[in-house]
1. Looking only at helices (runs of 4 or more DSSP H) that lie completely in region 44-155, which have at least 1 residues being under 23 Å from L30 (Cα atoms) and touching a residue at least 40 places away in the same chain (Cβ under 8 Å)?
2. Go over the candidates A379, A263 one by one and state the one that is of a type in the set (A, V, I, L, M), at pLDDT below 90 and either surrounded by 23 or more Cβ atoms within 10 Å (Cβ to Cβ) or out of contact with any helix residue (DSSP H, G or I) (no Cβ under 9 Å at 6 or more places or on another chain) (or both).
3. May I ask you to say which residue of V189, V198 is surrounded by fewer than 20 Cβ atoms within 10 Å (Cβ to Cβ) and not in a helix (DSSP H, G or I)?
4. Name the residues in region 149-165 that are under 20 Å from L112 (Cα atoms) and buried (at least 24 other Cβ atoms within 10 Å of the Cβ), would you?
Amino acid sequence: MPHVAPRVRTAGLQSSAGLLAAGTSVANALGYVLTVVGARRLGPDEFGAFGALLALIIVGNVAALAAQATTARTVATGRPAAPAIRSGLVVAAVTTLALCLASPVVSSVLQLSSPVPAIAAAVAIGAFAAAAPPLGVVQGRERFALLAALVTIQATMRVGAGLVGMAVSPTATGAMIGVAAGLVLATGVAWAATRPTVAGPHGYAVRATLASAAMLLGFVVLTNVDVMLARHVLSTDASGLYAAGSIFTKIAFWLPQFVPMLAFPALADPARRRGAVTMGVLTVAGCGAVLTAGTWALSGTAVRIVAGADYLDLAAQVPGFTALGALYALAHLLVYAHLARGDRWTTAVLWALLAGYVVVVETTAHDLMGVLVPSLVTAGLVVCWGLAREHTTRPGRNDHVH
């Protein structure tokens, strides 16, 4: 029965993909719930502080993403995981301590009432990083059902505790203390469920983790800087329209987020890499094409549902915002493909494109399209680089990077 095993594996992958897609979708939906409830529960001043701290957590979460990727790549390639796990814990401890020490500065810059919410954000970022090694072990072993469960639990505890914090004290401080407490509890659950061991070969994988962080930080900043630049170079009304349009970008970007997570172990395996890249690109591109076509056909309705009738002037630009998210989703997959084999050239390209994008927008943008069009061009260049790099680099060439 030579066809039984492939069919069983295909069925298993389809089931895993469904579970992981559901888990990441629930996590992202819960994140939106926290933001929406926060906007209504907190006053404008406190919600502004809370939103700024959430943005800080998004950037700080790069440390967790890097630690998880390094651990997953180590496990997927059959190397001992202990050095990567220890490195993840070191990154978590150092990040938390550094941000706690910087809390007075953060408090001043963000105009917070005290350093307490900044300290809570530091703890939240550290908890994300501490949970990364066990998540990376599960991902590297391709135990995607467990990974989906842990991702969902992490989001549920983070948002649930954040909502409790808001209920007890409707302030940015109360909300952030709740978020931090929920993430600390979720980290304990992740370690208890996976029980990764730090015993094993001596040493650390800090260098590999920092290399991953440099690449991911460039990508995270690139995919979030447009809203900040719009606020800086446009009028308040135009920047508000851009912020509303970015909701469509985020939907198109996050919807296929499960694909890089599912494909990452195969991307680290030279024998499976080509097939994983091909299937991943087709899946993500197909999803983006459907979403872009849908918002083009139903732009007015989409704006009413997502942003409200006050933003109907945005209808003509909605397909562009959706296409931007679709391009960045494709770039996300390709960046993770390069991360899986330690391709450092991509790090340099991302930061160079980021610098070029900022310069172009700062010197030429006078309206909404002046920010959106350079964003589309930059995202397209990242995708072109990613595809060209896959075509020109031999499989396994960079797999020795640790």
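The values are calculated or read from the model by the stated rules, or taken from the named source; none is laboratory data. These numbers were taken from a predicted model, which means no experiment stands behind them. Cβ atoms come from the backbone with ideal geometry, glycine included; neighbour counts cover every protein chain shown.
1. Filter on region 44-155 gives 44-60, 62-76, 116-140.
2. A263
3. Among V189, V198, only V198 is surrounded by fewer than 20 Cβ atoms within 10 Å (Cβ to Cβ) and not in a helix (DSSP H, G or I).
4. Result: G162, single match.
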